[in-house]
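Here is the structure we will look at, set down as structure tokens.
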């Protein structure tokens, strides 16, 4: 019995330490995290869940990351079999009474021109700016990209689709080569 209580308490405390929430106005920002990056990577990605408990829409309009020169809000979408990423220049609307998840392959934050590598288990400060709720400083926990669960990523025909990185070229002329991504699938 003592063993089970210890496990239960450890589980509660470890979950609490990982799952952080922040509140500003009617908004709750839940579990903000960034993916770790390789050395000298020019960009990083940020993710979280935003819950709007209010009766009016709000909009994530901008932000600032202490570890990057620029902060942008992006959306990924499929068009004609090609994955496209584009900046949401007018921000991301968080509808009243709804939840918006920023996650890989969907809405996300881009931290552009990183000052240094994002390493697993670090905490990085980011200021989020909402149209109605105002500013909020949150800490993004850096998760090890090599240990993340990628099982929910699209498979099959969607996985064979190309990716358009034309928007990325304005951020340091990145040239991403995905030519060998599906070698195993072709066998």
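Residues in the range 104-120 that are surrounded by fewer than 16 Cβ atoms within 10 Å (Cβ to Cβ) and within 14 Å of the chain's Cα centre (by Cα): 104, 105, 106. Of the residues making up the range 25-59, those that are under 17 Å from residue 142 (Cβ atoms) and either in contact with a helix residue (DSSP H, G or I) (Cβ under 8 Å, 6 or more places away or on another chain) or outside any strand (DSSP E or B) (or both) number 10.
Identify, by number, the condition in (1) free of Cβ contacts under 8 Å to residues at least 40 places away in the same chain; (2) surrounded by 14 or more Cβ atoms within 10 Å (Cβ to Cβ) that residue 123 doesn't meet. Here residue 123 meets the rest and fails (2). Per this entry, residue 76 is counted among residues that are modelled with pLDDT under 95, assigned to a strand (DSSP E or B) and within 23 Å of residue 143 (Cβ to Cβ).
Scanning the range 75-95 for residues that are free of Cβ contacts under 8 Å to residues at least 60 places away in the same chain and in contact with a strand residue (DSSP E or B) (Cβ under 7 Å, 6 or more places away or on another chain) yields 75, 76, 77, 88, 91, 92, 93, 95. Can you tell me which residues in the range 31-44 are surrounded by 17 or more Cβ atoms within 10 Å (Cβ to Cβ) and either more than 15 Å from residue 128 (Cβ to Cβ) or modelled with pLDDT under 95 (or both)? Those that are surrounded by 17 or more Cβ atoms within 10 Å (Cβ to Cβ) and either more than 15 Å from residue 128 (Cβ to Cβ) or modelled with pLDDT under 95 (or both): 35, 36, 37, 43, 44. Against the numbered list (1) more than 16 Å from residue 28 (Cβ to Cβ); (2) crowded, with 16+ Cβ neighbours inside 10 Å, residue 136 comes up short only at (1). Listed conditions (1) surrounded by 12 or more Cβ atoms within 10 Å (Cβ to Cβ); (2) farther than 23 Å from residue 39 by Cα; (3) at pLDDT 95 or above are all met by residue 154, apart from (3).
The values are calculated or read from the model by the stated rules, or taken from the named source; none is laboratory data. What you see is a predicted model; the values in this text were computed from it and never measured. All Cβ positions, even for glycine, are placed from backbone atoms using ideal geometry, and neighbour counts span all protein chains on display.
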